[in-house]
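Accompanying notes for the structure given below.
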Amino acid sequence: QVQLVEAGGGLVQAGGSLRLSCAASGRTFQWYAMGWFRQAPGKEREIVAALSRSGANTYYADSVKGRFTISRDNAKNTVYLQMNSLKPEDTAVYYCAARSGSSGYYLTGYDYWGQGTQVTVSS
C-alpha cells in the first residue's frame, strides 16, 4: 500500500513554469512505476507522463513532449513533473499515480492515486 500527496499546483500565465511534486508514503516507493495524469473540466482523464521504477524509462503524451519532464528521487520517495512553456490547454487537475510492475513504464493499470492538484494557466 502507498499513499500519494501532490503539491505545487497553482495559477500561472501562459509561457510560465510550475513543478509538481508527489510524495509517497512507505518504504517501498522504489518498487513502483509512477505516472502523472490530468483531467480538464468536461474531459476524460489522460496520461501526461510515466516513469519506470529506476527512472531510466519515460513516456510523454504528444501534447507535452518537449515541455514537461517527469523524474523521481527514490531517496526522498518523491516524483516530480516539471512543466515549462505552459499553455491554457494545460489547465486541469493533475494526479500522480503508482503501480507495481517490472522494469518499464506503464500507461494503464495504476492502483494508487493522489488527491490531485489544480493547475490553471491563464492566457
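The values are calculated or read from the model by the stated rules, or taken from the named source; none is laboratory data. Source: prediction; values computed, not measured. Quick reminder, even Gly has a Cβ in these numbers, built from the backbone with ideal geometry, and neighbours come from all protein chains shown.
How about the range 1-110: which strands (runs of 3 or more DSSP E) wholly inside it have at least 3 residues that are buried (at least 16 other Cβ atoms within 10 Å of the Cβ) and either touching a residue at least 12 places away in the same chain (Cβ under 8 Å) or not small (Gly, Ala, Ser) (or both)?
18-24, 32-39, 46-51, 68-73, 78-83, 92-100
Is it true that Leu11 is of a type in the set (A, V, I, L, M, F, W, C), more than 15 Å from the chain's Cα centre (by Cα) and modelled with pLDDT of 95 or more?
So Leu11 passes the test.
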